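Structure first, commentary second.
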Amino acid sequence: MREPDVLVIGGGLVGACIAWGLARRGLRVTVLDEGDIAFRAARANFGHVWVHGKGIGKPEYSNWTQASALLWPELSDELKRETGVDPGFTRPGGFYLCLSQTELQRRVNAMTMLQEQPGIELYPYEILDHRQTEAQLPGIGGDVVGSSYCSLDGHTNPLRLYRALHTAFRNLGGTYLPNCHVDRIICEKNAFTVVGPWGSISAGRVVLAAGLGNTRLAPMVALSVPLVPSRGQIIVTEKTIPFLHYPVANIRQTDEGGVIIGESKEATMDHLQPRTAISAVLAERATRMFPILGELDVVRVWAAFRVITSDGFPIYEQSSRYPGAFAVSCHSGVTLAAGHAYTLAGHIALGAFPSALTLFSSERFDVSATA
């Protein structure tokens, strides 16, 4: 096997996007994946391509999110054309439902604060009362007092997206190596050698896209990827007739008919077993929003660990000591998939991140640097 140009450590959604994006630029790419033992967030995400409400405290993140969302139709069409696998992307717009006047006012305040930030690229959104919301979502319950709506929001089938990316990567000659736990990375002049129980492999560049594993791997290339515990639960119902034609922030009906419910956040990483008390709260709020959900059977409940920083924004960083080493860590892997595949992979292919992306460096967490 010829030595690759780039090693991507992590075969989840973020790693798959970057690997495919590099391969479509003619680079020889090898993906080292831990396999099914990994805490794979790509198998437990919600499937939103979501814009509105993101970026409070960092308008650049809102702009980056918008840019990726606008590239999503191109990503979906190219993957379907190249692989025959339809990611199931649609963009009807998305709703954030509020169950009290307090929640609605909080939403109004948040959206106002978001769009008043200097440097933000403004986008259209609406604040709707119950009647206006019901006109678009006829199945809502009486407890829904209002909502916010943004036409830039959509959703996709994340498992088919994941399959399409891996298929497209292989079609371009990319190499995928599963069950390759990484023990260490040796940094040499113009080369990185990745070592594990399976052996070793070298390349001129290395991309850390290993999710929660980036915290352990980053110091090996003189980087820092601090992540915080964040555990979430998902409920999936039986398939039913289409009734929800828009994604909602915490509820969406898939193109296969099932309904996904989930908005929990726990500051823990103790275990992956779902907690009944959390599921009960999710179900109670969901049935108040859409009473029809109370008539459906639950077929699956699971928990997963998010890849998230203390401020919720991603980390994109290149090692100053070892310039060919890059780290990519983020929570919104589906929304940012197009940005990662087209824009981010393009910068990695050229060998450097632009100043716009250095705003997402881990240096923002360095207290001594900001004191």
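The values are calculated or read from the model by the stated rules, or taken from the named source; none is laboratory data. Being a predicted model, the structure only gives us computed values, none of them experimental. Glycine also receives a Cβ, built like all others from the backbone with ideal geometry; neighbour counts cover every protein chain displayed. All accessible areas refer to the heavy atoms of the entire protein, side chains included, with ligands and DNA or RNA removed. Shrake-Rupley method; radii C 1.70, N 1.55, O 1.52, S 1.80 Å.
Odds and ends about this structure:
- The GNM of the chain, with springs linking C-alpha atoms under 10 angstrom apart, assigns the highest mean-square fluctuation among 280, 303, 249 to 280.
- Taking all protein chains as shown and a probe of 1.4 angstrom, residue 166 keeps an accessible surface of around 20 Å².
- Pairwise inverse Cα distances across the stretch 136-183, averaged and inverted, put the Kirkwood hydrodynamic radius at 15.5 Å.
- Comparing 323, 354, 92 in a Gaussian network model of the chain (Cα springs below 10 Å), the most mobile by mean-square fluctuation is 354.
- Radius of gyration over Kirkwood radius for the chain, both on Cα atoms: the Rg/Rh ratio is 0.97.
- Using alpha-carbon coordinates, inclination of helix 158-171 to the longest axis of the chain, degrees: 30 degrees
- Sparse packing (at most 16 other Cβ atoms within 10 Å of the Cβ) combined with a DSSP loop state is found for the following chymotrypsin sites (Phe, Trp or Tyr not before Pro) in the stretch 170-251: 198, 243.
- To the nearest 10, the accessible area of residue 134 is 80 Å² with a 1.4 Å probe.
- Cα-projected label distance for residue 82 with residue 193, points at 7 Å along beta-carbon direction, nm: 3.2 nm
- Full-stretch length increase - residue 364, residue 186 - with 0.36 nm per residue and alpha-carbon distance subtracted: 61.4 nm
- Relative contact order (%) - the stretch 178-249, alpha-carbon pairs under 8 angstrom, separation at least six: 19 percent
- Share of carbon and sulfur in the accessible heavy-atom surface of the stretch 72-158 [1.4 Å probe, %]: 48 percent
- Within the same chain, lysines fewer than 8 places from residue 54 are excluded, and of the rest, those with a Cα less than 26 Å from its Cα are 265.
- Cα gyration tensor of the stretch 132-256 - equivalent ellipsoid semi-axes, whole Å, descending: 43, 19, 14
- Among 361, 200, 148, residue whose mean-square fluctuation peaks in a GNM of the chain (springs only between Cα atoms under 10 Å): 200
- For the chain, the solvent-accessible area of protein heavy atoms averages 43 Å² per residue (probe radius 1.4 Å; ligands and nucleic acids excluded).
- Simple spin-label estimate for residue 280 and residue 238 gives 2.4 nm between the two label positions (7 Å along the Cα-to-Cβ direction from each Cα).
- Rel. contact order, % - alpha carbon contacts under 8 angstrom, at least six apart, the stretch 1-116: 19 percent
- Segment residue 263-residue 126, length gained on full extension (0.36 nm per residue, minus Cα span): 47.1 nm
- Relative contact order (percent, whole number), the chain, Cα cutoff 8 Å, 6+ residue spacing: 24 percent
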